[in-house]
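Structure record follows, encoded as structure tokens.
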2 protein chains.
Amino acid sequence: MSQKIRIERSKLERFCAAVFMKLGLPPDEAQDSAEILVAADARGIESHGVGRLWRYKNGLQRGIMAGGVQATVLRETPLSLVLDANGAMGLSLSKRAMTRVIGKAKTGGAAFSSVRNSNHFGIAGYYTEMAAREDMMGICMTNTAALGVPTFGRKAMFGTNPIAFSIPAHDGRKFTLDMATTVVTRGKIEVYDREQKPLPSGWAVDTRGVGTSDAHSLLEDMLYQRGGGIMPLGGEGELLSGYKGYGLAEVVDIMTAVLSGGVFGQSVIDSQATSARVCHFFAAIRLDLFRDPEDIKSDMDRLLSELENAEPAEGCERVYYAGLKEHEAESESALGGVSLSEKVAAQLRQIGEELGVPVPIAP
Amino acid sequence: MSQKIRIERSKLERFCAAVFMKLGLPPDEAQDSAEILVAADARGIESHGVGRLWRYKNGLQRGIMAGGVQATVLRETPLSLVLDANGAMGLSLSKRAMTRVIGKAKTGGAAFSSVRNSNHFGIAGYYTEMAAREDMMGICMTNTAALGVPTFGRKAMFGTNPIAFSIPAHDGRKFTLDMATTVVTRGKIEVYDREQKPLPSGWAVDTRGVGTSDAHSLLEDMLYQRGGGIMPLGGEGELLSGYKGYGLAEVVDIMTAVLSGGVFGQSVIDSQATSARVCHFFAAIRLDLFRDPEDIKSDMDRLLSELENAEPAEGCERVYYAGLKEHEAESESALGGVSLSEKVAAQLRQIGEELGVPVPIAP
């Protein structure tokens, strides 16, 4: 394990916000975008945290993303809001969309938003937890660049298409599921490639649609769109029910892109000139549509405790529920600072030097 | 393959309705229950069709289920309906609940129902397709008796907990995902036991929480609640992301049982004296909250066609989308009759003789 660096959450947010402002984002967009990126690291989800700051920097510098872009309202009802993001910053745009959805749900009981032509929005669970803090269930999805191969297929027809869901318990505890609907994401394949390890069976197929363990060829085939790709949750074929993950990935494409009139399926592609212009879905549903929120939260306390205290398998330490690891990591970050790897810290130093933003990390 | 028998759909429905009436159901409940059971066979989902008629017969005769039971409204708003089913017939009760949800959505744009203390309700996709026929998205879930073991656990803490989702395309085509959130259902384990085949890796764990291929011991351990059980979608441990299926199973428990104040988790148990009193969730969301439904259906046509025409893997014939096989089976049933196995036909003959209902199947 490489050395970890700890940094105070608010300092890291201020640094990222300053970087985003240097890159042309208005202060509110910069602040929101920083907060969402840092939230990922605070929860231990490094893959979606400030380690991606350089990507946003490149995107903004090359004009693939832009700050200050106004979204167009395509349809609005008391329960719904359909937006064309016009290529806005996915992070801050998504926070605004979920804020409006929560506002509508406060009045009407529930609300939905489908958004097209957006950009990477970070962790889906950030938005669902916004709803959970308001005694609502939150739901969030996004489609992503195509890299998933349907059951019995050989070409990528959908993205990692994550689904997130949150519901609160008492005392700040909550259940937050935030999962890609593919068996793994591209990042995991890249790790296996770097470490020159064979891919586990059930992760990916080659250009013929046949299971492959060769991470390097797979990444090249995916890059040049020659075919092959990652399996849906449940793996290859029918034995472990891969068609279920495939079906869930399609639900995400439908709720995000078909509802908003955006780009779906194999047409969702990142290129040199433009990002994939991904589509999002947000929903908030008030708990008191069903029961007294206090009663629901008490039952959630019981459900989460039963899972957390379930007897572990031989050789395993404990049973988790969705969001528990992240909840514990966030508490730790509040006490001791957000944990960053040496590699990410070095990236931040470089970005800070280039843009003339003081880095709050000792060299 | 054993011989298949074909029988006209309406005749099979009339037979089942007559059986249900002999067992004490009022005519409307008998008709609805028959229609939902037969719909499963018509779509080729034998596991949930009239092959289960004897179970309902036993349940009704032993007083575990009852006809003519009125549900209690626990909470009602323009967007929501929370019911205590009081042990009513799950099939007909669920059709009524979804009918009311669709009615509310027609007025308000969207609606949700959470139902506690119910019984088996057949195929979840039946209810979501009711919404799809009204230019809405339909969502349906149910919890079931506990048999699924959480990631890193050794005891069953959730059921097969299916999720269904439908959205219409044009010309009666639709996307219908209807999936258990466990990797397989108990029925599949029983088939492996009968055929004395070893279970595939990733399907189940034994009482220690360790992967097992022994179907017979597993079924016994599950029956006597000694521990062990079926894996969530994604299999054992983290390698194929079993925690995702586990998370989805919990979402179902939450939406069905926590929202309605019903029974969840390891407490959902079938016994000699009572059924598991499972809980359901139904939702309908109007397409025109987002765009002109015709435009959404045109995009669904394109999405479904792209998937259906995707290039198959080497050695595979074709790529499906969720609901395509069932759609084709239903068209075939309309032309040539519903297909039943010899075994199920024999069961129906026996039930007909016992209850004095003429069986519309040649001996």
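Scanning the range B:257-290 for residues that are within 14 Å of another protein chain (Cβ to nearest Cβ) and at positive phi yields B:261, B:265.
Within the range B:271-309, the set of residues being closer than 30 Å to residue B:64 by Cα and touching a Ser or Thr at 6+ places or on another chain (Cβ under 6 Å) comprises B:278, B:279, B:280, B:281, B:282. Being in contact (Cβ under 8 Å) with a residue 24 or more places away in the chain, in the same structural domain as residue A:179 (by TED's automatic domain parsing) and among the hydroxyl-bearing types (Ser, Thr, Tyr) is a description that applies to residue A:94.
Here the condition is being more than 28 Å from residue A:323 (Cα to Cα) and at pLDDT 95 or above; of B:212, B:256, B:207, it holds for B:212 alone. Set side by side, the residues B:319, B:344 differ, and just one is under 25 Å from the mean Cα position of the chain (by Cα), surrounded by 15 or more Cβ atoms within 10 Å (Cβ to Cβ), among the β-branched types (Val, Ile, Thr) and not assigned by TED's automatic domain parsing to the domain that holds residue B:43, which is B:319. Once the range B:201-220 is narrowed to residues that are within 14 Å of another protein chain (Cβ to nearest Cβ) and of a type in the set (A, V, I, L, M), the residue that is farthest from residue B:235 (Cα to Cα) is B:210. As a summary of the residue check, residue A:87 satisfies the conditions (1) surrounded by fewer than 24 Cβ atoms within 10 Å (Cβ to Cβ); (2) in contact with a helix residue (DSSP H, G or I) (Cβ under 8 Å, 6 or more places away or on another chain); (3) under 22 Å from residue A:53 (Cα atoms) except for the one numbered (2). Meeting the requirement of 2 or more residues that are within 29 Å of residue A:14 (Cα to Cα), the helices (runs of 4 or more DSSP H) wholly within the range A:256-363 are A:324-336, A:342-355.
In the range B:177-184, the count of residues that are more than 24 Å from residue A:236 (Cβ to Cβ), under 24 Å from the mean Cα position of the chain (by Cα) and among the charged types (D, E, K, R) is zero.
Matching residues to (1) in contact (Cβ under 8 Å) with a residue 12 or more places away in the chain; (2) surrounded by fewer than 24 Cβ atoms within 10 Å (Cβ to Cβ); (3) not charged (D, E, K, R):
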| site | (1), (2), (3) |
| --- | --- |
| A:148 | yes, no, yes |
| A:159 | yes, no, yes |
| A:165 | yes, no, yes |
| A:169 | yes, yes, yes |
| A:173 | yes, yes, no |
| A:177 | yes, no, yes |
| A:186 | yes, yes, no |
| A:195 | no, yes, no |
| A:202 | yes, yes, yes |
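Taken over the range A:223-252, the criterion of being among the aliphatic types (A, V, I, L, M), outside any helix (DSSP H, G or I) and farther than 21 Å from residue B:305 by Cα is satisfied by A:230, A:233, A:239, A:240. Considering only residues of the range B:107-138 that are within 11 Å of chain A (Cβ to nearest Cβ) and surrounded by fewer than 24 Cβ atoms within 10 Å (Cβ to Cβ), which is farthest from residue A:247 (Cα to Cα)? Applying the filter and picking the extreme gives B:108. Could you check how many residues of the range B:207-226 are within 14 Å of residue B:152 (Cβ to Cβ) and in contact with a Ser or Thr (Cβ under 8 Å, 6 or more places away or on another chain)? Qualifying residue count for the region: 1. Quick check: is even one residue across the range A:56-77 within 14 Å of chain B (Cβ to nearest Cβ), within 17 Å of residue A:278 (Cβ to Cβ), in contact (Cβ under 8 Å) with a residue 40 or more places away in the chain and surrounded by fewer than 23 Cβ atoms within 10 Å (Cβ to Cβ)? Scanning the range A:56-77, I find at least one residue that is within 14 Å of chain B (Cβ to nearest Cβ), within 17 Å of residue A:278 (Cβ to Cβ), in contact (Cβ under 8 Å) with a residue 40 or more places away in the chain and surrounded by fewer than 23 Cβ atoms within 10 Å (Cβ to Cβ), so the answer is yes. Is at least one residue of the range A:213-231 surrounded by 24 or more Cβ atoms within 10 Å (Cβ to Cβ), of a type outside the set (Gly, Ala, Ser) and closer than 30 Å to residue A:282 by Cβ? Checked against the condition, which is being surrounded by 24 or more Cβ atoms within 10 Å (Cβ to Cβ), of a type outside the set (Gly, Ala, Ser) and closer than 30 Å to residue A:282 by Cβ, the range A:213-231 yields at least one hit. The criterion of being touching a helix residue (DSSP H, G or I) at 6+ places or on another chain (Cβ under 8 Å) and under 30 Å from residue A:174 (Cα atoms) does not hold for residue A:23. On the given criteria, is residue A:102 at pLDDT 95 or above and more than 14 Å from chain B (Cβ to nearest Cβ)? Yes; evaluated as a whole, the condition is true for this residue. Comparison of A:250, A:238 shows that the only residue that is surrounded by 21 or more Cβ atoms within 10 Å (Cβ to Cβ), in contact (Cβ under 8 Å) with a residue 12 or more places away in the chain and within 25 Å of residue B:181 (Cα to Cα) is A:250. Residue under question is residue A:251, and the condition is that it be in contact with a helix residue (DSSP H, G or I) (Cβ under 7 Å, 6 or more places away or on another chain), of a type in the set (Val, Ile, Thr), facing chain B (nearest Cβ under 10 Å) and closer than 17 Å to residue B:321 by Cα; does it hold? Criteria not met by residue A:251. Every test in (1) modelled with pLDDT under 95; (2) closer than 19 Å to residue B:357 by Cβ is passed by residue B:64 save one, and that test is (2). Across the range A:148-193, the qualifying residues are those that are closer than 28 Å to residue A:80 by Cβ and in a loop (DSSP other than H, G, I, E, B), and the one among them that is nearest to the other protein chains (Cβ to nearest Cβ) is A:157. Within the range B:106-147, the set of residues being assigned to a loop (DSSP other than H, G, I, E, B) and within 19 Å of residue B:72 (Cα to Cα) comprises B:119, B:120, B:121. Only residues that are touching a strand residue (DSSP E or B) at 6+ places or on another chain (Cβ under 9 Å) and within 16 Å of residue A:17 (Cβ to Cβ) were counted in the range A:332-363, giving 4. Evaluated against (1) outside the structural domain of residue A:99 (by TED's automatic domain parsing); (2) under 24 Å from residue B:184 (Cα atoms); (3) under 25 Å from the mean Cα position of the chain (by Cα); (4) not acidic (Asp, Glu), residue A:224 falls short on exactly one condition, (2). Please verify whether the range A:322-342 includes one or more residues that are within 10 Å of chain B (Cβ to nearest Cβ) and either on the phi > 0 side of the Ramachandran plot or not basic (Lys, Arg) (or both). Scanning the range A:322-342, I find at least one residue that is within 10 Å of chain B (Cβ to nearest Cβ) and either on the phi > 0 side of the Ramachandran plot or not basic (Lys, Arg) (or both), so the answer is yes.
In the range B:303-310 there is no residue matching the filter, namely being among the polar types (S, T, N, Q) and at the interface with another protein chain (Cβ under 10 Å from one of its Cβ atoms).
The values are calculated or read from the model by the stated rules, or taken from the named source; none is laboratory data. Being a predicted model, the structure only gives us computed values, none of them experimental. Cβ: placed from backbone, ideal geometry, glycine included. Neighbour counts: every protein chain shown.
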